[in-house]
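Read through the structure below, which is laid out as structure tokens, and then see the notes.
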Amino acid sequence: MTTSNQISNAVIAEIQPFRIAVAQAELDDLQYRLSKTRWPDALRGAGWKYGVSLDYVKELASYWQNEYDWRKHEARLNEFPQFTTIVDGAQVHFLHVRSPEPDAFPLLLTHAWPSSIVEFMELIGPLSDPRNHGGDPANAFHLIIPSVPGFGFSGSALEPGWNIARIAKAWDTLMKRLGYEEYGAHGSDCGALVSRELGIQKPEGLRGVHVLQLFSFPSGDPAEMADLSEDDQKRLQFLANFHERAGFNSIQSTRPQTLSYGLADSPVGQLAWIAELFNGFGDHVDFIDRDALLTNVTLYWLTNTAESSALLYYENAHNHEQAPQGPNTIPTGLAVFGHDFKSMKRFAQRDNTNIVQWSEFERGTHFAAMDAPDLLAPDIQAFFRSFR
């Protein structure tokens, strides 16, 4: 297997080292804006019924302003080697964490919306260096963790057309540029879509994909709905409840720029927009560490990527030219977490014909890498064991 140590000098020139260094003036401006927040007159006792709870956002904004320490988390992020490169005209920022184990398997991790590279901080150690985390060194991975174009330090400058299919092609280019002839892919949310898309495209060297969701839905054929089990009916109800509250999906798929004026100008607006999904619309509040959540929110704020990250939803809804047809036939693993979208086997197997591992967990959310890494890391290791 070719490694990044064997990259040609010409390719190395295309990859630039990167280090996070936010100007103090940017942090001072954030503090000032938080201190001047104008709060809405929310209905008394509304809780999470109409959107994010006012009491919750006030409490979290106060913590952000008075206790949260960006510099601490900036330093932690900078412990990992970071780089930028241009792929298909877009800047791509990525972490490249080489395992100390020489036979480690390359693994591409793609984050969700509204998250970022911060999503994987608790997975990096157990996956890249299991020997020092109570695990088997034979399960080690070299980790490549990119910021999706338009997200985080990949920046906000983005041309039209960056849908899931284009991101998947860019990721294969990135892996080949780093010298990896074979690799696996993992992701949640849009990261799950990108990983599955890689399975459809079947680039040379892709060995398998592991995801937290397989977004396969009823086609409208009545035969598909026959003999649904009680468990399947509950899963459909979970999906219905999600769609009833997922206003972010509608507006980001149709008018993302209109939304962005408020998010780009108000840190509390950005906080509330992100916090809603991290708390499952109020169904599981504070399951995710507040510092981790705020590091993610602060990254969106400092990079001014509310609009560019939302464009992914618009491009997926309006740009279908690049998407290949047909099911995903690559070996696929799925981990379903207790407080997340519940994939249904009959529909998932229709669209993904080579599901070789299906795991179910009682706890964990849409961002299981953050709140259930102790469950997710072993599941990823178990799935990829056969491809080493």
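The values are calculated or read from the model by the stated rules, or taken from the named source; none is laboratory data. Quantities reported herein were computed from a predicted structural model and do not represent experimental measurements. Heads up, the Cβs are rebuilt from the backbone with ideal geometry, glycines too, and the neighbour counts pull from every protein chain shown.
A few points about this structure:
- In the range 91-136, residue farthest from THR365 (Cα to Cα) [restricted to those that are among the hydrophobic types (A, V, I, L, M, F, W, C), part of a loop (DSSP other than H, G, I, E, B) and out of contact with any Gly (no Cβ under 7 Å at 6 or more places or on another chain)]: ALA104
- Scanning the range 143-168 for residues that are over 25 Å from SER99 (Cα atoms), part of a helix (DSSP H, G or I) and not aliphatic (A, V, I, L, M) turns up just one, ARG166.
- Residue among THR295, THR258 that is in a helix (DSSP H, G or I), buried (at least 19 other Cβ atoms within 10 Å of the Cβ) and of a type in the set (Ser, Thr, Tyr): THR295
- Test: ASP351 is under 18 Å from ARG196 (Cα atoms), touching a residue at least 60 places away in the same chain (Cβ under 8 Å) and acidic (Asp, Glu): yes
- The range 70-83 residues that are among the aliphatic types (A, V, I, L, M), paired with ones that are at pLDDT below 95 and buried (at least 18 other Cβ atoms within 10 Å of the Cβ) (beta carbon under 9 Å, 6 or more apart): none
- Summed over the range 220-247, residues that are part of a loop (DSSP other than H, G, I, E, B) and surrounded by 12 or more Cβ atoms within 10 Å (Cβ to Cβ) total 2.
- Counting the residues of the range 338-348 that are in contact (Cβ under 8 Å) with a residue 60 or more places away in the chain and touching a Ser or Thr at 6+ places or on another chain (Cβ under 8 Å) gives 5.
- Candidates ALA157, ALA170, ALA223 - the one that is hydrophobic (A, V, I, L, M, F, W, C), over 20 Å from ASN352 (Cα atoms) and at pLDDT below 95: ALA157
- Failed criterion for PHE215 (all others in (1) outside any helix (DSSP H, G or I); (2) buried (at least 17 other Cβ atoms within 10 Å of the Cβ); (3) of a type in the set (Phe, Trp, Tyr) hold): (2)
- Scanning the range 177-209 for residues that are among the small types (Gly, Ala, Ser), surrounded by fewer than 21 Cβ atoms within 10 Å (Cβ to Cβ) and out of contact with any helix residue (DSSP H, G or I) (no Cβ under 7 Å at 6 or more places or on another chain) yields one hit, GLY205.
- Of everything listed in (1) outside any helix (DSSP H, G or I); (2) of a type in the set (A, V, I, L, M, F, W, C); (3) touching a Gly at 6+ places or on another chain (Cβ under 8 Å), the single unmet condition for MET175 is (1).
- One residue from ALA42, ALA104, ALA61 being small (Gly, Ala, Ser), modelled with pLDDT under 95 and at negative phi: ALA42
- Of the helices (runs of 4 or more DSSP H) lying entirely inside the range 340-388, those containing at least 2 residues that are crowded, with 22+ Cβ neighbours inside 10 Å and modelled with pLDDT of 95 or more are 368-371, 373-384.
- Scanning the range 59-106 for residues that are surrounded by 15 or more Cβ atoms within 10 Å (Cβ to Cβ), polar (S, T, N, Q) and over 19 Å from LEU127 (Cβ atoms), we see that the one that is farthest from the chain's Cα centre (by Cα) is GLN65.
- Beta carbons closer than 7 Å, at least 6 apart along the sequence or on distinct chains, pair a first residue in the range 250-275 that is under 13 Å from ALA310 (Cα atoms) with a second that is of a type in the set (Ser, Thr, Tyr) and buried (at least 22 other Cβ atoms within 10 Å of the Cβ) for GLN270/TYR300; ILE274/TYR300.
- For the range 180-207, the set of residues classified as within 17 Å of the chain's Cα centre (by Cα) and in a helix (DSSP H, G or I) consists of CYS190, GLY191, ALA192, LEU193, VAL194, SER195, ARG196, GLU197, LEU198, listed by residue number.
Here's the yes/no breakdown for (1) in contact with a strand residue (DSSP E or B) (Cβ under 9 Å, 6 or more places away or on another chain); (2) surrounded by fewer than 20 Cβ atoms within 10 Å (Cβ to Cβ); (3) more than 15 Å from ASP88 (Cα to Cα):
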position: MET121; (1), (2), (3): no, no, yes
position: ILE124; (1), (2), (3): yes, no, yes
position: SER154; (1), (2), (3): yes, no, no
position: ALA168; (1), (2), (3): yes, no, no
position: MET175; (1), (2), (3): yes, no, no
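- Restricted to the range 323-339, and to residues there that are in contact with a Lys or Arg (Cβ under 8 Å, 6 or more places away or on another chain) and assigned to a strand (DSSP E or B), the residue that is farthest from ARG290 (Cα to Cα) is ASN328.
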